[in-house]
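These notes are about the structure you will find just below.
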Amino acid sequence: MYKYVVCGLVFLLSCLQLQAQELQCDVIINADQVQIQDRRVFTDMRNAVSNFMNNQRWTNETYKPEERIKCRLLITITQAPQIGSYNAIAQVVTSRPVYGTGYETPLLSLVDRSWAFDYIEAQPLQFSENTFTSNLASLLSFYAYLVVGMDRDSFVRLGGSPYYDRALQILNNAGTQAPNTTGWKSADDTRSRYWMLNNLQDPQLEGFRVAQYLYYRQGMDIFIQKPEDARKNMVEAIKNIQQVFQIRPGAPILRSFFETKADEIVSVFKGANPPEKQAVYAMLSQIDPTNITKYQTIIQR
């Protein structure tokens, strides 16, 4: 009998592992800037957001627990104009493991300054891909799909397309149903979530997404075994990004990439051969002059 109980438990654990959700999202709510008498609402809010992000199925694929996408969502509440209504700034950060190492390489770091939402304590957040339920649910769903899409692009060439399409559905619904909130429309700030997704779906800027695959799957993932091949592929990735820069110099996806990756790029190419160093430095100094001081260390002896 004991044997059957143990086998049953093993089977149950195996099933739970197979059904693991895609995201491992650490949620932080910072409400230091607002004065509210009963602050338990923020603990409740954090739990609700965490449950929404981590327990919702975002794909039809099977993820093992160790394969879940690590991300962090920091929501800084800046105003509470009335009871149950909040304005906030959100930062979304995600990373992925590098094959054969214990290193986590950053994938994305975005700051969204246009989070306006209502939240009532103990009221569950409802997910719907096809209908608008609330601005907070839309914001969370949009970024969940964006995180999954960028993660897939780093493993499979253009693998994130289905998830960007789902993010677009969320964006369109929110743009129609939440007309008084910003970030969902083309008229909003060029660094808004609308323009980030627009960049990722623009056929003219597809080279950026191809670069993600070259940089991560054919670069970082083989760096330990084949550093020269890895750097060669990463040079090709930067060339692709340079071509995107020539088409759309101010694309927000480019700014986000270099804000996230500049330090790592420097670390990777410090050990390159002199011609490779010069080639990479020349491209980076053109497409990301903001970080030129960092890139100069690549060619220093």
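Throughout, read-outs are computed from the coordinates displayed, never taken from laboratory work. These numbers come from a predicted model, not from an experiment. So basically every Cβ, Gly included, is an ideal-geometry build from the backbone, and we count neighbours across all protein chains shown.
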Response to the item:
Here the net charge surrounding Lys294, from other residues whose Cβ is less than 14 Å away from its Cβ (Lys, Arg +1; Asp, Glu -1), is -1
Worksheet item: In nanometres, what is the gap between the two model label sites at Thr78 and Asn273, each 7 Å from Cα along Cα-to-Cβ?
Response: 5.0
Worksheet item: Applying the Karplus parametrisation 6.51 cos²θ - 1.76 cosθ + 1.60 with θ = phi - 60° to the phi angles of region 284-289, what ³J(HN,Hα) value in whole Hz is obtained for each residue in order, glycine and proline being reported as x?
Response: 5, 5, 7, 8, 9, x
Practice prompt. Take the eigenvalues of the Cα gyration tensor for region 126-248, scale each by 5, and report the square roots as semi-axes in whole Å, largest first.
Written response: 32, 16, 9
Worksheet item: What are the extents of the Cα atoms of the chain along their three principal axes, listed from largest to smallest and rounded to whole Å?
Response: 63, 60, 35
Worksheet item: Between Ile36 and Asn180, what is the FRET efficiency for a Förster distance of 30 Å, r being their Cβ-Cβ separation, to the nearest 0.05?
Response: 0.85
Worksheet item: So how much slack lies between Thr190 and Arg113, counting 0.36 nm per residue of separation and subtracting their Cα-Cα distance, in nm?
Response: 26.5 nm
Worksheet item: How big is the Rg/Rh ratio for region 63-103, C-alpha atoms only, Rh by Kirkwood, two decimals?
Response: 1.26
Worksheet item: Angle, helix 252-269 long axis vs. longest principal axis of the chain, Cα atoms, 0 to 90°, nearest 10?
Response: 50
Worksheet item: Quick one: what do you get for region 93-191 if you divide its Cα Rg by 2.2 N^0.38 Å?
Response: 1.21
Fill in: Fraction of antiparallel bridges per DSSP, the chain only, in percent to nearest 5
75
Discussion item. Please check: in the Gaussian network model of the chain (C-alpha springs, under 10 Å), which one of Asn172, Asn130, Asn233 has the largest mean-square fluctuation.
Written reply: Asn130
Item to complete: Divide by every residue of the chain the summed helix terms, -39500 (n - 2.57) for each DSSP H run of at least 4, and state the resulting mean residue ellipticity at 222 nm, rounded to the nearest 500 deg cm²/dmol.
Response: -16500 deg cm²/dmol
Discussion item. Rounded to whole Å, give me the distance from the Cα center of region 95-119 to that of region 170-202.
Written reply: 19
Worksheet item: In cubic angstrom, how much convex hull volume per residue do the alpha carbon atoms of region 68-136 span?
Response: 129
Worksheet item: Once you list every other residue whose beta carbon is under 9 Å from the beta carbon of Leu254, what net charge do they have if Lys and Arg are +1 and Asp and Glu are -1?
Response: +1
